[in-house]
Structure formats: structure tokens, C-alpha cells
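> Starting off with a structure, shown below.
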Amino acid sequence: MRGIPAGRATSRAWGHLVRRLVFALALPAVLVTVWWVVSAGSTHVYWPPLRTVLAAFPDVWTAERLRGDVVPSLLRLTAGYGVAAVAGVALGTVIGSHRRVRALCEPVLEFLRALPPPVLVPVIMLFAGIGDTMKIAVIASGCVWPVLLNTVEGVRAVDPVLAETARSYGITGTARLRDVVLRSASPQIFAGLRQALSIGIILMVISEMFAADNGLGFTVVQFQRGFAIPDMWTGILLLGLLGFLLSVLFRLAERRVLGWYHGLREAGWRSP
């Protein structure tokens, strides 16, 4: 008797997975089909048929080019994103935990976050040069804001009853910060990290368009300047695929770290 409910549960889980895959792939499949059909008879030099772009993809992005351009870009993105994550969470926790610090920093934060990161590229080049340090700094300067601001709001939104209960039980110092403050703020922190990831990919490309000799942004610009238009489109497609892959990896990590949070949400949805 027990095997029947288990079998039904397994079938239901597989059905749910299939539905999610269909919903996830339906729109990309439609867009690719429309692109293929619309561009099939194109003779425009800047708008080649999709079949031409796909045919050029394996010839352009060889193993050597992946090592020489894609890997350095991903390393810069990882470094800049990591710096922004650590700095954003640390500063956001301090600012969100102390009202006076928040009141003191808020005008400066509002001014700095209003500056578009690409505008800061020439300024950062003056201090950091034109090497990898500049590119990492550009990525970090844009990624830090969503992490910092979401951390501040997450820390401010910690349940006061929970904080008071922790204080009553003598949970203070590092234990309170780890088990109460950061745990309660972690859904908001991950929301900021998710926003920062897309910003980081954009800034990775922009930073590599300035005084670079490798990287995805540099390669795409070189293709454009050399009128290798199908090759340029393959670079754009590769950027989209990398963005999608990084988003999937981030969601998997988020589900693992915030399993307790998603479990509570699902339980709340199922409850009458």
C-alpha cells in the first residue's frame, strides 16, 4: 500500500519538472524560431541569417579562443563580483544595524549609487591603470550597490521579537550576527546578489572595451571593427549563453543555501 503513494509522488515530481522545463524553454524556442525565419532570406551585411551565425560559431569559439578570451573574462567577473559581495554584505550589515551610521551614510550612498558605473571607467583607469585591476574595480563598483542596499534593508527588517528573544537567551556577538541577523536578512541579500550578477556581466564587457587585449568584450569589438559581422553575432550569443548558465548556477546555489526559506514559503502556499 505504501508503494502507491510513493509512486504517485514520484510521478507528480517528474510531471512538475517537465512542466518547468517546458515553461523555461518555450519562449527561447519561439524567439529562436522567429529569428531563424525572419533572417532566413536576409542579405544585409549587418543582419546575417541565423544559420550563418550558428555555422560560424564552432569555427570562432575554439578551445584556444575560449582559454584566451572567455576564461580571463570569467576570472575578472568572479573577482569583481566576490569583492562586491564581501564589501556589500559587510558594509550593509554595519549600516543596517546602527541607526546613526545609516543616517550619516545615507546622503553619500544616494549620491554614489546615482553615478553610472561606466562613467567611472576613465576615473578608475587614472588610479588603477589599464590592467586587470581596473576591470575588476569597474565590476566591483557597479555590483556592490544592489548587494549593499539589499543587505541594509534586510538587516533593518529583522523581526524585533526574534532579536529580543535571542538577546534574552544570551545569543550575542558573532553568534547573534550569524544565526539571527544574517540568517534573517539572507533572502534579501541573495536578491541583491542576483541583481549584481547581471550588472557584473554588463560591466565585464564594458570594462574590456577599454584598453584591453583579451576578453569577450574586446573580442566582440574587434570583430565589429574588422567587419566580421557573423563572428560578432557569435560573441553576442555566447554572452547570452554565459549569462543564462551563470543564472542557473546562482539559482542552484540559492536553493541550497536558502532551502529553509523556500521550504517555509512552499509550506505557506500549501496551507489553507
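> Restricting attention to segment 169-192, which residues are touching a Ser or Thr at 6+ places or on another chain (Cβ under 8 Å) and at pLDDT 85 or above?
Within segment 169-192, Val181, Leu182, Ala185, Gln188, Ile189, Gly192 qualify.
> Working only within segment 202-231, note down all residues that are within 15 Å of Ala137 (Cα to Cα) and open to solvent by 30 Å² or more (accessible area, probe 1.4 Å).
Those that are within 15 Å of Ala137 (Cα to Cα) and open to solvent by 30 Å² or more (accessible area, probe 1.4 Å): Ile202, Ile206, Met209, Phe210, Ala211.
> Quick check, is Ala9 among the aliphatic types (A, V, I, L, M) and either surrounded by 10 or more Cβ atoms within 10 Å (Cβ to Cβ) or modelled with pLDDT under 90 (or both)?
So Ala9 fits the description; yes.
> Pairs please, first residue from segment 230-241 and of a type in the set (S, T, N, Q), second anywhere and part of a helix (DSSP H, G or I) and open to solvent by 40 Å² or more (accessible area, probe 1.4 Å), Cβ atoms under 8 Å, 6+ apart in sequence or on different chains.
Pairs found: Thr234/Phe57.
> Just checking, does segment 158-180 include any residue being buried (at least 17 other Cβ atoms within 10 Å of the Cβ) and outside any helix (DSSP H, G or I)?
yes
> Considering only segment 206-213, I want to know if a residue exists there that is modelled with pLDDT of 90 or more, of a type outside the set (S, T, N, Q) and part of a helix (DSSP H, G or I).
Yes, there is a match, as at least one residue in segment 206-213 is modelled with pLDDT of 90 or more, of a type outside the set (S, T, N, Q) and part of a helix (DSSP H, G or I).
> Considering only residues that are at pLDDT below 90, open to solvent by 50 Å² or more (accessible area, probe 1.4 Å) and either in contact with a helix residue (DSSP H, G or I) (Cβ under 7 Å, 6 or more places away or on another chain) or closer than 19 Å to Leu238 by Cα (or both), which ones fall in segment 34-58?
Scanning segment 34-58 gives Trp35, Trp36, Val45, Tyr46, Trp47.
The values are calculated or read from the model by the stated rules, or taken from the named source; none is laboratory data. What you see is a predicted model, and the numbers here were worked out from it, not measured in a lab. Here Cβ is always computed from backbone atoms with ideal geometry, including for glycine, and neighbour counts include all displayed protein chains. Calculation scope for accessible area: heavy atoms of the full protein, side chains included, ligands and nucleic acids excluded. Shrake-Rupley method; radii C 1.70, N 1.55, O 1.52, S 1.80 Å.
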